[in-house]
Amino acid sequence: MDFPRIFLGVNMNKLELYKMALSVLDLDIELTDLEPDAPTKELNLLNIYFNKCVLYVLKAWDFSFLVKMVKLTDRKKEPVEGKDEADWPYMSWAQYKYGYVLPPNFLRVVQINGTRKNAFAVRFGILWCEVENPTLEYIEDEIRMDVDGNYLEPEDFLSLIAYQLALHIAPLSDPESSAQTVAAQLYQLTLSSILESENISNDHEYNDGANNQLIDEMTRTEVLHATNRGVL
């Protein structure tokens with residue numbers, strides 16, 4: 001299930017994301033084309049590290065705007081020679097009774113049946129669990145684009161990718177520059193801002209948790225401190 005989303009601001013494409021990364025490096029480079037006749041060293045580095053940085057950011061947190069939901073019904077069967085597929089037995093693994101085929105582009109599990117308490121394992125491209133026909137909340141291994149090549153995720157989230165790109169290529173582009181430190185600081189500040197917004201917007205009791213306001217505020221502070229220490 002993919003819920004509709006509405007974001008403010010101008011959509012960012014890959015070229016604009018690369019420009020943001022280069023702006024952190026403070027280099028006199030004007031990037032106008034992703035496939036120029038003579039690619040620069042920096043463009044080559046951006047292309048090399050792009051997918052790695054996207055996956056890094058996708059694993060950084062369970063961002064609510066990335067979570068997808070699907071009910072799994074396709075159980076894995078054990079092929080038996082001489083029998084029709086309809087007669088093959090269902091597979092189990094370790095202590096798990098049920099094994100389900102994962103959705104395309106699956107990256108990682110967020111929770112099962114609306115809770116993180118259900119035990120599971122991901123092995124051999126299969127989700128193993130003790131829940132029959134589970135409702136899986138998960139994150140994909142890619143970010144969405146529209147037909148024009150514009151990314152559909154929030155701009156702050158896309159900025160995290162740009163800052164990770166800058167952080168990765170800075171020491172290779174200019175080892176004497178302080179750009180790597182600047183990129184790391186921008187990444188942490190932006191991530192903290194997103195997590196603050198996520199924490200305010202999600203998992204509150206009715207009446208905005210007014211009956212437990214102090215605990216809610218302490219939780220938000222602890223999240224920010226842990227992020228700034230690099231724990232999150």
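Counting Lys and Arg as +1 and Asp and Glu as -1, what is the net charge of the other residues whose Cβ lies under 14 Å from the Cβ of LEU22?
-4
How big, on average over all directions, is the shadow cast by the Cα convex hull of region 66-140, in nm²?
About 5.2 nm², averaged over all directions.
Determine the sum of side-chain charges near VAL57: Lys and Arg each +1, Asp and Glu each -1, restricted to other residues whose C-beta is under 15 angstrom from that of VAL57.
-3
How big is the convex hull of the Cα atoms of region 81-125, per residue, in Å³?
122
Compute the distance from the alpha-carbon center of region 74-108 to that of region 132-189, in whole Å.
35
Test of understanding: what is the full-extension gain from GLU176 to LYS59, defined as 0.36 nm times their sequence separation minus their Cα-Cα distance?
In short, 39.1 nm is gained.
For LYS68, which lysines qualify as cross-link partners when the Cα separation must be under 19 Å and same-chain residues fewer than eight apart are set aside?
LYS59, LYS117
If you keep only loop residues by DSSP, which GluC sites (Glu not before Pro) in region 126-195 have at most 15 other Cβ atoms within 10 Å of their Cβ?
The qualifying sites are GLU130, GLU132, GLU142, GLU176.
Quick one: order ARG116, ARG75 by neighbouring beta-carbon count within 10 Å, fewest to most.
Ranking ARG116, ARG75 by Cβ neighbours within 10 Å, fewest first, gives ARG116, ARG75.
In a Debye calculation with equal point scatterers on the alpha-carbon sites of region 1-131 and no solvent, what is log10 I(q)/I(0) at q = 0.09, 0.19, 0.22 Å⁻¹?
-0.49, -1.13, -1.35
Setting aside same-chain residues fewer than 8 positions from LYS52, which lysines have a Cα under 20 Å from its Cα?
LYS14, LYS19, LYS41
Any lysines with Cα under 28 Å of the LYS83 Cα? List them, leaving off those in the same chain fewer than 8 positions away.
LYS97
Rule-based calculations on the coordinates, nothing more; no lab input. Keep in mind that what you see is a predicted model, and the values were worked out from it rather than measured. Methodologically, a virtual Cβ is constructed for each residue, glycine included, from the backbone with ideal geometry; neighbour enumeration extends over all protein chains shown.
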